[in-house]
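Here's the structure, in structure tokens; my notes come after.
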Amino acid sequence: MSGYLPFDTSNPFSFVAMTTLGAIFGFPPISVLNLAAGVQFDIFVGTGLFLVGSTIGAVATLFIVQNLLRGLLLRNMTSWRSKWEAVDSAIAKEGPLVIVGLLRLSPAMPFTLCNIILGLTRVDMGSYTLGTAVGLLPFSFVYSYVGSVGQ
């Protein structure tokens with residue numbers, strides 16, 4: 001895999017940095033990085049490194065959206081208003097940890113888009129971080145496993 005990327009992917013720090021950037025910008029896709037974690041590292045180390053990088057990226061995106069981009073996005077994403085309002089309402093009703101965790105369990109929700117939508121809500125950083133890490137764990141483990149046996 002190292003031949004395809006401009007940095008040493010066998011270095012755990014480089015891998016976490018790439019996963020963090022993937023979580024923030026949506027490229028490379030987070031699922032590809034999760035599979036790559038299993039290929040490059042073993043199932044347990046790959047899962048751990050992926051969780052660290054993707055959680056850091058998710059938290060960074062939440063911070064950026066809530067503190068820098070929220071007003072701009074709310075003004076320009078009027079067609080998405082009902083979606084983030086529904087998520088915000090569910091967070092208020094069910095609790096942020098539950099909703100964030102459930103959203104992270106859904107493979108149908110693109111990771112970066114989920115980060116942005118959650119950034120438009122009133123979710124707190126602690127619940128968001130824990131919900132992200134716990135919600136990502138099951139699929140992260142499966143994807144790392146598939147990557148590790150597919151090498």
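The values are calculated or read from the model by the stated rules, or taken from the named source; none is laboratory data. Given the structure is predicted, the values throughout are model-derived calculations rather than measurements. As a convention, Cβ positions derive from the backbone with ideal geometry for all residues, glycine included, and neighbour counts pool all protein chains shown. Please note that ligands, DNA and RNA were not included when accessible areas were found on the heavy atoms of the full protein model with its side chains. Shrake-Rupley method; radii C 1.70, N 1.55, O 1.52, S 1.80 Å.
Screening Thr78, Thr132 for residues that are open to solvent by less than 40 Å² (accessible area, probe 1.4 Å) and of a type in the set (Ser, Thr, Tyr) leaves exactly one candidate, Thr132. Would a scan of region 105-121 turn up a residue that is at pLDDT below 90, under 21 Å from Ala23 (Cα atoms) and over 19 Å from the mean Cα position of the chain (by Cα)? Taking every residue of region 105-121 in turn, none turns out to be at pLDDT below 90, under 21 Å from Ala23 (Cα atoms) and over 19 Å from the mean Cα position of the chain (by Cα).
Apart from one condition, Gly135 fits all of (1) closer than 25 Å to Leu33 by Cβ; (2) at pLDDT below 90; the exception is (2). For region 16-47, the set of residues classified as closer than 22 Å to Phe63 by Cα, assigned to a helix (DSSP H, G or I) and not polar (S, T, N, Q) consists of Val16, Ala17, Met18, Leu21, Gly22, Ala23, Ile24, Phe25, Ile30, listed by residue number.
Scan region 111-129 for residues that are in contact with a Leu (Cβ under 8 Å, 6 or more places away or on another chain) and open to solvent by 20 Å² or more (accessible area, probe 1.4 Å) and the total you get is 3.
Among residues of region 121-143 that are small (Gly, Ala, Ser), those with a beta-carbon under 8 Å from a residue that is part of a helix (DSSP H, G or I) and open to solvent by 50 Å² or more (accessible area, probe 1.4 Å) at least six positions away or on a different chain give the pairs Ser127/Leu97; Gly131/Leu97; Gly131/Val98; Gly135/Leu102; Gly135/Leu105. Working only within region 18-32, note down all residues that are among the hydrophobic types (A, V, I, L, M, F, W, C) and open to solvent by 50 Å² or more (accessible area, probe 1.4 Å). Residues satisfying the conditions are Leu21, Phe25, Phe27, Val32.
Across region 94-104, which residue is modelled with the lowest pLDDT among those that are among the β-branched types (Val, Ile, Thr) and crowded, with 19+ Cβ neighbours inside 10 Å? In this case the residue turns out to be Ile99. Of the listed requirements (1) open to solvent by 80 Å² or more (accessible area, probe 1.4 Å); (2) closer than 18 Å to Gly26 by Cα; (3) in contact (Cβ under 8 Å) with a residue 12 or more places away in the chain, Ala108 misses just one: (3).
The residues in region 81-93 that are open to solvent by less than 80 Å² (accessible area, probe 1.4 Å) and in contact with a helix residue (DSSP H, G or I) (Cβ under 8 Å, 6 or more places away or on another chain) can be counted, and the count is 4. The listed residues are Gly131, Gly95, and the only one of them that is on the phi > 0 side of the Ramachandran plot and among the small types (Gly, Ala, Ser) turns out to be Gly95. Within region 36-54, which residues are within 19 Å of Thr132 (Cβ to Cβ) and surrounded by fewer than 21 Cβ atoms within 10 Å (Cβ to Cβ)? Answer for region 36-54, where residues must be within 19 Å of Thr132 (Cβ to Cβ) and surrounded by fewer than 21 Cβ atoms within 10 Å (Cβ to Cβ): Gly48, Val52.
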